[in-house]
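Asker: Take this structure, written in structure tokens, and hold onto it; I'll ask about it next.
We did not get these values from a lab; they are worked out from the coordinates using the rules stated. Small disclaimer: the values here were computed from a predicted structure and weren't measured. Here Cβ is always computed from backbone atoms with ideal geometry, including for glycine, and neighbour counts include all displayed protein chains.
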Amino acid sequence: MHRRPLIHAFAAAALAALMPPAHAADTGPIKIGLILPMTGQQASTGRQIDAAVKLWQAQNGNKAGGRNVEVILKDDASVPDNTRRLAQELVVNDKVAVLAGFGITPSAMATAPIATQSKTPMVVMAAATSAITEASPFIVRTSFTLPQAAVGLAEWAAKNKIKKVVTLVADYGPGFDAEKYFADRIVLNGGQVLDKLRTPLRAPDFAPVLQKVRDVNPDALFVFLPSGQGAAFMKQFAERGLDKSGIRLIATGDVTDDDQLADMGDVALGVVNSHHYSAAHDSPTNKKFVAAFQAANKFRPNFMAVGGYDGMRVIYNALNASKGATGEALLAAMKGQIFESPRGPVLIDGQTRDIVQDMYIRKVERVGGQLYNVEFDSIKAMKDPGKSK
Ligand code: DHB
């Protein structure tokens, strides 16, 4: 008489073990915690990425993997302590499935332990120090690395009669990478590094270092500064007459940033630089992207916007592949993705979780009355040279 209920109980337990747990979190919206500098010194990075994320959702809808996708935007003002606290709150209180954004390297580094501990995939859309992807196995990057940008430009310099150089970089992670990978490649090719100059990340004053450059008188000055500082640097470079000194200015594309390039004036004309994205990149995919971005915003997309747009694509693709599953399943579905970005073909390396992409050598030229970075050479499918140690 008592056997049947017992068998029913066993059957029910076996069935329950096979079923995915019906947590509210598995049926409600997928939340993406997007942490960006919307105010403060890096605010242009936040403005660009926020606009790109909105464009992605306007074009692709608010559903992926059968679930609604909700973006929660938080402003960290590029203060790493804020980034860490906001990430903690987003994971614990909002139960976000993805952390995304990260305007500067210290913000990404401060958040990496939270991604690891909570097993939350973390999509780095902006920050570009090589070592970031090694700070957590849950980090995937859709921006670029400074070694990617610096090595090709050093090769170009060596082939173009530039023997003696001075480097000038922002005094933190991406600057150290840019300085090292540019200088080492110059020396490898028989050139000389006469001086290595650095300016603070916050409120830099370019006057003293530019005076130094004038005194040392190299063939070329190589510059990396984070997005948002290029225009102020160019202004000082011209005001001090360095544009007429015979010292050639070369840079990573962060300095000839599309966000500010149109207003930089003639001092920027002819500056050879290297980066992964130009608003002038000549492809049908990019032309569509730029047209849609400019229709929705009053400004040109820069490389930050593309990092944000592709970051959303990686998240949507992964959610579709994982059928809305989160955590490690979602991370696994982010690895190995291949797609056509507005920048060109892109791979998310399955081993390093870093981006593999074409890097371009460009020259600032006037196109239709406006300054653009016009690509004239490229290195195909470049991995981060910082990972080959
Ligand atoms: C970083 C920030 C930038 O604005 C940039 O152009 C490159 C790198 C960074 O902090 O990693």
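Asker: Restricting attention to the stretch 72-123, and to residues there that are within 16 Å of the ligand (Cβ to nearest atom) and among the β-branched types (Val, Ile, Thr), which single residue is surrounded by the most Cβ atoms within 10 Å (Cβ to Cβ)?
Answerer: Thr111
Asker: Lys287 - would you say it is touching a Gly at 6+ places or on another chain (Cβ under 7 Å) and of a type in the set (Lys, Arg)? Steps first, please.
Answerer: Working: touching a Gly at 6+ places or on another chain (Cβ under 7 Å): no; of a type in the set (Lys, Arg): yes.
In short, no.
Asker: Say whether the condition of being touching a Pro at 6+ places or on another chain (Cβ under 9 Å) and touching a residue at least 60 places away in the same chain (Cβ under 8 Å) is met by at least one residue in the stretch 58-71.
Answerer: yes
Asker: Asp254: of a type in the set (Asp, Glu) and away from the ligand (no atom under 16 Å from the Cβ), yes or no?
Answerer: Values: of a type in the set (Asp, Glu): yes; away from the ligand (no atom under 16 Å from the Cβ): no.
In short, no.
Asker: Within the stretch 137-147, restricting attention to residues that are within 11 Å of the ligand (Cβ to nearest atom) and polar (S, T, N, Q), which residue is nearest to Val306 (Cα to Cα)? Show your work before the answer.
Answerer: First, the residues of the stretch 137-147 that are within 11 Å of the ligand (Cβ to nearest atom): 141, 143-146.
In the following step, the residues that additionally are polar (S, T, N, Q) were identified as 143, 145.
On the way: Ser143: 8, Thr145: 14 Å.
This residue is Ser143.
Results for (1) crowded, with 23+ Cβ neighbours inside 10 Å; (2) more than 16 Å from Val272 (Cα to Cα); (3) away from the ligand (no atom under 16 Å from the Cβ), shown as yes or no for each residue.
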{"residue": "Asp171", "(1), (2), (3)": "no, yes, no"}
{"residue": "Ala183", "(1), (2), (3)": "no, yes, yes"}
{"residue": "Gly190", "(1), (2), (3)": "no, yes, yes"}
{"residue": "Ala203", "(1), (2), (3)": "no, yes, no"}
{"residue": "Asp219", "(1), (2), (3)": "no, no, yes"}
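Asker: Just a yes or no: is a residue in the stretch 124-136 farther than 26 Å from Ala97 by Cβ, more than 15 Å from the ligand (Cβ to nearest atom) and small (Gly, Ala, Ser)?
Answerer: Keep residues of the stretch 124-136 that are farther than 26 Å from Ala97 by Cβ, which gives 130.
Checking which are more than 15 Å from the ligand (Cβ to nearest atom) leaves us with none.
Scanning the stretch 124-136 turns up no residue that is farther than 26 Å from Ala97 by Cβ, more than 15 Å from the ligand (Cβ to nearest atom) and small (Gly, Ala, Ser).
Asker: Please work out which residue is nearest to Asn286 (Cα to Cα), limiting yourself to the stretch 35-46 and to residues that are without any contact (Cβ under 8 Å) to a residue 40 or more places away in the chain and of a type outside the set (Ser, Thr, Tyr). Reasoning before the result, please.
Answerer: Quick first cut of the stretch 35-46, residues without any contact (Cβ under 8 Å) to a residue 40 or more places away in the chain only: 38-40.
Narrowing further to those that are of a type outside the set (Ser, Thr, Tyr): 38, 40.
Numbers: Met38: 25, Gly40: 29 Å.
My answer is Met38.
Asker: Mind checking which pairs have a first residue in the stretch 242-259 that is surrounded by fewer than 24 Cβ atoms within 10 Å (Cβ to Cβ) and a second that is acidic (Asp, Glu) and in a loop (DSSP other than H, G, I, E, B), Cβ under 9 Å, 6 or more apart or different chains?
Answerer: Listed pairs, sorted by first residue: Gly246/Asp219; Ile247/Asp219; Arg248/Asp219.
Asker: Tell me whether the stretch 153-161 contains one or more residues that are within 16 Å of the ligand (Cβ to nearest atom), surrounded by fewer than 18 Cβ atoms within 10 Å (Cβ to Cβ) and charged (D, E, K, R).
Answerer: Taking the stretch 153-161 and keeping what is within 16 Å of the ligand (Cβ to nearest atom), we get 153.
Add one more test, that the residue is surrounded by fewer than 18 Cβ atoms within 10 Å (Cβ to Cβ), and what stays is none.
Within the stretch 153-161, not a single residue is within 16 Å of the ligand (Cβ to nearest atom), surrounded by fewer than 18 Cβ atoms within 10 Å (Cβ to Cβ) and charged (D, E, K, R).
Asker: Pull up the stretch 25-45, narrow it to residues that are assigned to a loop (DSSP other than H, G, I, E, B) and surrounded by fewer than 24 Cβ atoms within 10 Å (Cβ to Cβ), then point me to the one that is farthest from the ligand (Cβ to nearest atom). Write out each step before concluding.
Answerer: Within the stretch 25-45, the subset assigned to a loop (DSSP other than H, G, I, E, B) is 28-29, 37-42.
The next check asks that each one be surrounded by fewer than 24 Cβ atoms within 10 Å (Cβ to Cβ); those that pass are 28-29, 38-41.
Numbers: Gly28: 33, Pro29: 30, Met38: 14, Thr39: 15, Gly40: 12, Gln41: 10 Å.
Of everything passing the filter in the stretch 25-45, Gly28 is farthest from the ligand (Cβ to nearest atom).
Asker: Search the stretch 370-386 for residues being in contact with a helix residue (DSSP H, G or I) (Cβ under 6 Å, 6 or more places away or on another chain) and part of a strand (DSSP E or B), and hand back the single one that is nearest to Asp258 (Cα to Cα). Walk me through it before giving the result.
Answerer: Of the residues in the stretch 370-386, the ones in contact with a helix residue (DSSP H, G or I) (Cβ under 6 Å, 6 or more places away or on another chain) are 371, 379, 382, 384-386.
If we keep only those that are part of a strand (DSSP E or B) too, we end up with 371, 379, 382.
On the way: Leu371: 9, Ile379: 21, Met382: 22 Å.
Per the stated criteria, the residue is Leu371.
Asker: Out of curiosity, is Asp243 assigned to a loop (DSSP other than H, G, I, E, B) and more than 20 Å from Ile361 (Cβ to Cβ)? Steps first, answer last, please.
Answerer: Working: assigned to a loop (DSSP other than H, G, I, E, B): no; more than 20 Å from Ile361 (Cβ to Cβ): yes.
Judged against the criteria, Asp243 is not a match.
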